[in-house]
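As structure tokens, the structure follows; a few thoughts come after it.
The values are calculated or read from the model by the stated rules, or taken from the named source; none is laboratory data. None of the values given here were measured: they were computed from a predicted structure. Glycine gets a Cβ as well: all are built from the backbone with ideal geometry, and neighbour counts include every protein chain shown.
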Amino acid sequence: MSQEIINVVITSPVDEPMMEKIKAVSNRIRIDPVAHWVVAEKKGDFSNREELNLLLQRAEVIFGWIHQFPKDLPTRTSRLKWIQVLTAGVDRLPEEILKSGVRVANASGLHGAAMGEVVLEIMLMFVKDAAACMRMKQEREWRRYRPAILQGQTVGILGLGAVGKEIARLSKAFGMKVIGIRRSGGAASPFRDVDRVYPREKLMELLAESDFVVLALPLTKETGGMIGEKELRGMKPTAFLINVARGAIVDEGALIRALEEKWIAGAGLDVFTREPLPPESPFYAMPNVIFSPHISGDIPDYEARATEVFCENLRRYLAGEPFLHEVDRGKGY
């Protein structure tokens, strides 16, 4: 790569220490923070559109949250070569970007511990019936009951990437049997904490065997609507569905019927097809649903860690080396 200046446009708010880390990668980097103008545009203020367009037109690299990218990004960038997103999923990127020659790298790998803990939290809340305890506290009741345990139960994990493998590790620590799905699989698992790996065509077998079904896979053309009526009816009536991936992987209409008609015992949902979840959603009132507002992958220093990934990829970009976590366009992740 030549010694020309690399124009980096940062579309999300970045504090001064993170900005300094980015600048320290190389004196060839010129940074243009434009978050304030992007926010203004989203609110209908286009008074700085000309200045923003000039910076976008000269941008070689863009760094930020996908939901904080400027509108019409593909038509406003002519020199763009690489987008670094702060998320793991890239399903919200404009289709034109994914079809173009622009390289995309994500922040995969930052979410394992946080999302694994949320999945274990949900499983424990279900087997210990934490909701009943909270209701008793609110109603000043004392009613003893016999809770279940995770030990000996089976968790089926759809998606055995960084997040899925951490969920498997934590589940094993609780004495659970762990099975999983990946594109190609067989009885001999290549993962230390997974007892058996099924190929995608064996999904119904995994569902029938699992006490907990955990969705930890990216949203792609292949996985959209993957869990519908057939799959929910194929689960045990005592089983629970946990989704920390993307809402659109599940047919929400079918899931609502499954919960109302007791095809399954319950669901732990961190993600939904429509976010924020509208107040009229039936999920709010369902006693067999545990809910969180799409926070399973969040950690206190997330932006700082994602910036470290970006800085490493900047070094690799300048050296002509492969990125960490470059998105495979064919797979969509």
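Return yes or no: is Glu117 assigned to a loop (DSSP other than H, G, I, E, B), assigned by TED's automatic domain parsing to the domain that holds Pro218, out of contact with any Pro (no Cβ under 6 Å at 6 or more places or on another chain) and surrounded by fewer than 22 Cβ atoms within 10 Å (Cβ to Cβ)?
no
Hey, among the residues in segment 134-186 that are hydrophobic (A, V, I, L, M, F, W, C) and assigned to a loop (DSSP other than H, G, I, E, B), which one's surrounded by the fewest Cβ atoms within 10 Å (Cβ to Cβ)?
Here the answer is Trp142.
Ser12 - would you say it is hydroxyl-bearing (Ser, Thr, Tyr), in a loop (DSSP other than H, G, I, E, B) and closer than 18 Å to Glu312 by Cα?
Working: hydroxyl-bearing (Ser, Thr, Tyr): yes; in a loop (DSSP other than H, G, I, E, B): yes; closer than 18 Å to Glu312 by Cα: no.
Judged against the criteria, Ser12 is not a match.
Go through segment 101-142 and give me each residue that's of a type outside the set (D, E, K, R) and without any contact (Cβ under 8 Å) to a residue 40 or more places away in the chain.
Once the filter is applied, which keeps residues that are of a type outside the set (D, E, K, R) and without any contact (Cβ under 8 Å) to a residue 40 or more places away in the chain, segment 101-142 yields Gly101, Val102, Leu124, Val127, Ala130, Ala132, Cys133, Met134, Met136, Gln138, Trp142.
Filter segment 28-64 down to residues that are among the polar types (S, T, N, Q) and without any contact (Cβ under 8 Å) to a residue 12 or more places away in the chain and give me whichever is farthest from Gly89 (Cα to Cα). Steps first, answer last, please.
In the first step, residues of segment 28-64 are kept if they are among the polar types (S, T, N, Q); the result is 47-48, 53, 57.
Imposing the further condition that a residue be without any contact (Cβ under 8 Å) to a residue 12 or more places away in the chain reduces the set to 47-48.
Values: Ser47: 32, Asn48: 30 Å.
That would be Ser47.
Residues to consider are Lys99, Lys172; find the one that is out of contact with any Phe, Trp or Tyr (no Cβ under 8 Å at 6 or more places or on another chain), outside the structural domain of Gly268 (by TED's automatic domain parsing) and not acidic (Asp, Glu).
Only one candidate passes the filter, namely Lys99.
Matching residues to (1) outside the structural domain of Arg315 (by TED's automatic domain parsing); (2) closer than 23 Å to Ala107 by Cβ; (3) in contact with a strand residue (DSSP E or B) (Cβ under 7 Å, 6 or more places away or on another chain):
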residue	(1), (2), (3)
Lys43	no, no, no
Ser47	no, no, no
Asn53	no, no, no
Pro70	no, yes, no
Lys81	no, yes, yes
Thr87	no, yes, no
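How many residues does segment 50-74 hold that are part of a loop (DSSP other than H, G, I, E, B) and hydrophobic (A, V, I, L, M, F, W, C)?
So the count comes out to 3.
Please specify each residue of segment 187-205 satisfying the condition of being of a type in the set (Phe, Trp, Tyr) and either buried (at least 20 other Cβ atoms within 10 Å of the Cβ) or touching a residue at least 40 places away in the same chain (Cβ under 8 Å) (or both). Step through it out loud before you land on a result.
Just the residues of segment 187-205 that are of a type in the set (Phe, Trp, Tyr), to begin with: 191, 198.
Tyr198, the sole residue that qualifies.
If I filter segment 108-131 for residues that are more than 30 Å from Tyr302 (Cα to Cα) and not aliphatic (A, V, I, L, M), do I get at least one hit?
yes
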